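*Asks:* One structure, as structure tokens, below. Some questions next.
The values are calculated or read from the model by the stated rules, or taken from the named source; none is laboratory data. All figures in this text were calculated on a predicted structure; none of them were measured in a lab. When we count neighbours, we look across all protein chains shown, and the Cβ atoms used for this are built from the backbone with ideal geometry, even at glycine.
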Amino acid sequence: MCNTMDFDFFIGKTISEITKHKVMGNEINELRFKVGDDIYKMYNDDDQSSCECSVWLEDVCGDLDDLLNTPILRAYEATKKDDSKRDGWDESASWTFYNFSTIKGSVTLRWIGSSNGFYSEKMEIEKCY
């Protein structure tokens, strides 16, 4: 059983470990965060194996180690729709930025998603039991 939550859930939490996962293809398309004894995953909920939607971690700005073993003071999400048509891209593309801040520093995770326009290009946060 899994529960999806808002990204700002991380505020006040202390992350002890972050791991990158390649669920499909060569791109990182899932991150896992260990908080206490619990694991939370950041992933795209649409079936990427269908080739109708693709979401991957494009860039990490900052040092992920700055997020470890200190409370998250700020966590927010920002999205930018990319309306330009690029070779090999689907009908729709979005950039989603997930920003974390701790007393040690800030980190921005930049995800890119493309689809035919009928699928979500955003990430989900989910705690799995």
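*Asks:* Could you list, in sequence order, all residues of the stretch 37-63 that are of a type in the set (G, A, S) and either modelled with pLDDT of 95 or more or surrounded by 17 or more Cβ atoms within 10 Å (Cβ to Cβ) (or both)?
*Replies:* Matches in the stretch 37-63: S54, G62.
*Asks:* Let me ask something else about it. Take the residues in the stretch 15-30 that are of a type in the set (S, T, N, Q) and farther than 16 Å from I125 by Cα; name whichever of them is modelled with the lowest pLDDT.
*Replies:* Looking at the filtered set, the residue picked out is N26.
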